[in-house]
Amino acid sequence: MTTKPKAKKFRIRRSAPAAPTQTPPPAATTPSPAPARPTPQAQPASGAQPAPQTEGGQAFAQITPKRIAVEGDVASKGQVTTENTIDAIRKEGLTGRQLRMARRVAQKHNLAPISDFDAVRLLRENGVDPFQQSSMLELVVPDQNDKGAKDGALTKSKIQLPQTVPSGDANLPSTELGPNISPAEARAAQIAEIQAGIASRRRKKMAVLVTRLAFFVFLPTLIAGYYFYSVATPMYATNSEFLIQKSEAQSPGALGSVFGGSGLATSQDSIAVQGYLGSREAMQRLNEDVGFISHFSAENIDVLQRLEPDASNSTAYKLYKKYVKIGYDPTEGVIKMEVIAADPTTSELYARKLIEYAEERVDGITGRVREDAMKGARASFEDAERKRESALQVLANLQESTQILDPAGATAELQSRLAQLETRLLDKELQLAGQLENSRPNQARVNALETEVRITEAQIQKVKAEMTTTGSGTDSQARINAQIRVAEENYQTRTLLEQQALQQLETARIESERQVRYLSLGVEPTAPDDPTYPRKFENTVLAFLIFAGIYLMFSLTASILREQVSS
């Protein structure tokens, strides 16, 4: 590890140039304020003025060790005046830039100042303002031989000198020091006075700040804390949670099965129930059933929370929204409700009543959908049943009029009789043909066979007549059979339609049952033992933060406006 070399400070004394003849040589000065009486200065041994030492644009007179004050040596009047003038310029608080500007202006006017303050003094004595903002042409010094120059005096186009202002009766501090006070003691006294003034102003500002904070922050917080701890009526809160479910069967593989078991399936119903419980209608029903307004208008409730007995519904509804808090969690589908009242029993009663209202609202939401579905299916079934009965009545009337219960059976019977008669006719004809083949047939037998053949043919014609015509000869048996068959088929069709309508009715009933919403309680409302509100400490701290924030906001606003106005 290396350390930086320490350089020693050296002062270099230079021989001062010969002062111009028009200005008297000023004496070396120190940066201390002007004393009350002039300090005797020692004359240099060589008789020449000490050279100034410049550092950063500032000139300092170097005092050699050989300059020793001599008792009884008194400075001249010009030296004292010069020192007093330089001390007065030093007290003006000029900046380094102004002093450097004065040194440059003095050099341009061919002056030889020993310091920056001496440059200001020489310029002012020659009637030049060193700090006047002028162009470069105005700084040009005319020739000594020009007309109007007197004794080397400097001329300028525009001269603006600082003017003295009469103090009048103002009590200004004196620039003269006491006879027994040194400059160091005077400087220390001034610094102590400034520090005392700063401390006094700080104490005043701190006192004003504490007063403002006490009036605008601490006092309101104290009043709020007193209200919360001593005046506010304790309130009891009953918490409950419930969710809405439906009994719809989940079909495997369907998209609805993904969200069927979540709260998204009943989110609309939950939001509707939440809106209903927080509505004016629920407040009016609660007031009609258990007296919500009368409970909060009792005398045991403090003035700030009490509701007037003749309060309007709007005022009561504002209080209802304050004491009945309902929230819905869409991720879980749970509705959380908090009901606040002046006693725990009333709070639990209000909570149970509101849950009953929610159940009624849930049933009302799905009741219309279920009723519409059942109404259409029931009407279709009743129409099918009525038409089936009409078809059955037509078939029965046709069977009564034709006296044929089974047209197919009657037709089959006639066909069987016809077949038997034709077989018998064929047999008799064969027997008759056999008798006629004999050379000497038995006439009696032949006559008998011919008679039987004729009778059989008559019977066959009769059966055929029964099959083709009725007894009156108006309608054929085939037409009657066709009518009966149409009536039977119509009846069978109506019966099938009735069965389908009945099946649709049953399906609609099942679907309506699936559309039913159930309000399932997750947390039963239970009366609390201890008061829930007000939260004394939390509310007091919150009041403090609110008042402090308001004060800070107004303070910043006032400071910004004050700065904008003063700028």
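Just so it is clear, none of the values below were taken in a lab; they were calculated from the coordinates. The structure presented is a predicted model; accordingly, all values stated were derived computationally and were not measured. Every residue, glycine among them, receives a Cβ derived from its backbone with ideal geometry; neighbour counts consider all protein chains shown.
Which entries in Lys353/Lys536; Lys246/Lys353; Lys321/Lys353; Lys325/Lys536; Lys246/Lys322; Lys246/Lys318 show an alpha-carbon gap greater than 27 Å?
Among Lys353/Lys536; Lys246/Lys353; Lys321/Lys353; Lys325/Lys536; Lys246/Lys322; Lys246/Lys318, the Cα-Cα distance tops 27 Å for Lys353/Lys536; Lys246/Lys322; Lys246/Lys318.
If you stretched the chain out fully between Asp343 and Asp530, how much longer would it get, using 0.36 nm times the residue separation minus the C-alpha to C-alpha distance?
Once the chain is fully extended between Asp343 and Asp530, it gains 66.3 nm.
Give me a comma-separated list of calculated 3J(HN,Hα) values for region 105-114, in order, Karplus coefficients 6.51, -1.76, 1.60 applied at θ = phi - 60°, integers in Hz, x for any Gly or Pro.
5, 5, 5, 5, 8, 6, 9, 10, x, 8
For a quick check: with amide H placed at 1.01 Å from N, whose amide H comes under 5 Å from Tyr518's, ignoring anything fewer than 5 positions away on the same chain?
Distant-sequence amide H within range of Tyr518: Gln245, Lys246.
Calculate the FRET efficiency for Ala196 and Ala112 from the Cβ-Cβ distance with a Förster distance of 56 Å, rounded to the nearest 0.05.
Taking R0 as 56 Å, the efficiency between Ala196 and Ala112 is 0.80.
Below 15 angstrom from the Cβ of Thr95, what's the summed charge of the other residues (Lys, Arg +1; Asp, Glu -1)?
Around Thr95, the charge tally is +4.
Which cross-chain or sequence-distant (5 or more) residues have an amide H under 5 Å from the amide H of Val334, H modelled 1.01 Å from N in plane?
Hits under the 5 Å cutoff: Asp329.
Rounded to whole Hz and in sequence order, give me ³J(HN,Hα) for region 277-283 from the Karplus expression 6.51 cos²θ - 1.76 cosθ + 1.60, θ = phi - 60°, writing x for Gly and Pro.
Those phi angles translate into 5, x, 8, 5, 5, 5, 5 Hz.
For labels at Val565 and Phe218 in the simple 7 Å Cα→Cβ model, what's the distance in nm?
Result: 2.8 nm between the two label points.
At 7 Å along Cα-to-Cβ for each site, give me the label-to-label distance between Thr557 and Thr315 in nm.
3.0 nm
Run the quick spin-label model on Arg352 and Leu426: label points 7 Å from Cα toward the beta carbon, then report their separation in nm to one decimal.
The answer from the label model is 9.5 nm.
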